[in-house]
Amino acid sequence: MREVAFIKQNKAKWLGIEEVITGKMKKNPDDLSSLYINLINDLSFAQTYYPKSKTTIYLNHLATSLYQRIYKTKRTETNRISQFFFYEVPIIMYEYRKFLYFAFAVFAIFTGIGVVSAHFDEDFVKLILGDDYVHMTQENIKSGNPIAVYDMGSTWGTAIAIIRNNLMVGAKMFFYGIFGGIGTFIILMLNSIMLGSFQYFFQQQAVLGESMLGIWVHGAFEIFGMVVEAMAGFILGASILFPKTYSRFNSFKIGFKKAFKIFISTIPFTLAAGFLEGFVTRHALDISLIINLFIIFSCLGFVFWYYVIYPYKLNKKMRYDTIL
């Protein structure tokens with residue numbers, strides 16, 4: 001069947017599903033399940049015969065959104081919080097996974113730009129981090145503790161201050177997506193350049209290894225949480241710029257709701273990063289290398305599992321259960 005004929009044959013049904021997703025049309029759970037199975041059949045057909053078509057992308061989006069609608073109507077004994085973190089967020093992460101890839105690409109590119117800029121311009125680090133901070137860090141390096149800056153203040157005071165600051169940065173990363181994603185892009189760009197130049201500064205001082213042991217103990221959660229928050233901002237921006245078949249307002253409502261859930265999912269990582277920075281980072285050089293590496297790679301592994309691997313496995317299981 002030609003794609004045009006396929007669209008014409010099923011357009012009314014798909015538009016009806018859109019109304020179900022947006023809440024304009026009410027359906028009981030049995031009808032929702034029938035709609036979902038029917039839609040999955042259409043998606044399978046499109047993936048077979050029009051794999052690179054916008055129709056396939058559209059149907060995949062519809063199927064994911066309808067699944068979430070079905071999931072919400074089911075009565076379950078599962079705790080609401082666990083539903084949110086182990087079903088709702090991973091489903092959205094898989095649906096919008098390309099936004100995560102884009103956010104990470106922006107992060108990697110501008111971190112690299114920060115490194116290159118610091119390499120070719122000796123004053124670049126001072127421009128980004130400030131003269132006072134650079135001079136203080138140089139003195140710390142001379143005294144034998146390149147991460148002494150994390151030793152300032154009390155443990156609880158440091159943790160609370162860092163959590164508050166990171167929550168504000170994350171909120172800006174998300175909410176500034178309302179400007180078509182440009183605000184999110186700028187904040188991610190600046191933070192990435194800062195990270196790249198900051199790390200290269202320690203390389204220039206020949207203490208990169210020691211600095212990374214301290215910085216990445218909390219940075220694994222903090223930095224990659226920032227990438228996920230940027231993803232949420234880009235989703236929000238795309239919902240305004242590219243409404244697809246929805247009205248721009250309905251597209252924004254759907255985009256905001258899903259992006260906000262992703263942003264909320266990063267808060268536990270932000271809290272954990274703050275406590276690690278307040279209580280563990282200051283002692284990083286006194287802790288054995290094995291323990292430091294264990295903390296760093298455990299944090300990195302968990303973030304990657306939760307935001308990349310688990311969503312893929314859940315989506316695969318969801319499709320398998322539907323076929324059965």
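The values are calculated or read from the model by the stated rules, or taken from the named source; none is laboratory data. The structure displayed is predicted, hence computed values, not measured ones. Don't worry about glycine lacking a Cβ; one is built from the backbone with ideal geometry, like all the others, and counts go over all protein chains shown. Keep in mind that these areas ignore ligands, DNA and RNA; they rest on the heavy atoms of the full protein, side chains included. Shrake-Rupley method; radii C 1.70, N 1.55, O 1.52, S 1.80 Å.
From the phi angles alone, apply the Karplus equation (6.51, -1.76, 1.60; θ = phi - 60°) to the stretch 157-171 and give each ³J(HN,Hα) in whole Hz, x where the residue is Gly or Pro.
After applying 6.51 cos²θ - 1.76 cosθ + 1.60, I find x, 5, 4, 5, 5, 5, 4, 4, 5, 5, 5, 5, 5, x, 5 Hz.
Using a simple charge model, +1 on the beta-carbon of Lys and Arg, -1 on the beta-carbon of Asp and Glu, nothing else, what dipole does the stretch 167-269 show about its Cα centre, in debye to the nearest 20?
About 680 debye.
Under the Karplus relation 6.51 cos²θ - 1.76 cosθ + 1.60, θ = phi - 60°, what is the ordered set of whole-Hz ³J(HN,Hα) values for the stretch 129-144, x standing for Gly and Pro?
Whole-Hz 3J(HN,Hα) from phi for the stretch 129-144: 9, x, 4, 4, 5, 5, 5, 4, 5, 5, 5, 5, 5, 4, 7, x.
Among Lys126/Lys258; Lys126/Lys257; Lys11/Lys98; Lys11/Lys172, which pairs are too far apart, with a Cα-Cα distance over 31 Å?
Correct reply: Lys126/Lys258; Lys126/Lys257; Lys11/Lys172.
Here are some values of log10 I(q)/I(0) by the Debye sum over Cα atoms at q = 0.08, 0.11 Å⁻¹: [x] -0.47, -0.87; [y] -0.46, -0.78; [z] -0.32, -0.63. Which one was computed from this structure?
Answer by label: [y].
Leaving out ligands, DNA and RNA, what percent of the accessible area of the chain is carbon and sulfur, probe 1.4 Å?
For the chain, the apolar C and S fraction of the accessible surface comes to 65 percent.
I'd like to check one number: the per residue accessible area of the stretch 223-324, probe 1.4 Å, reported in Å² as a whole number.
That works out to 49 Å² per residue.
If the reach is capped at under 15 angstrom between alpha carbons, list the aspartates and glutamates near Lys142, excluding any in the same chain fewer than eight residues apart.
Glu210
Using helices alone, I'd like the mean residue ellipticity at 222 nm for the chain: each DSSP H run of four-plus residues gives -39500 (n - 2.57), total over residue count, nearest 500.
It comes out at -26000 deg cm²/dmol, rounded to the nearest 500.
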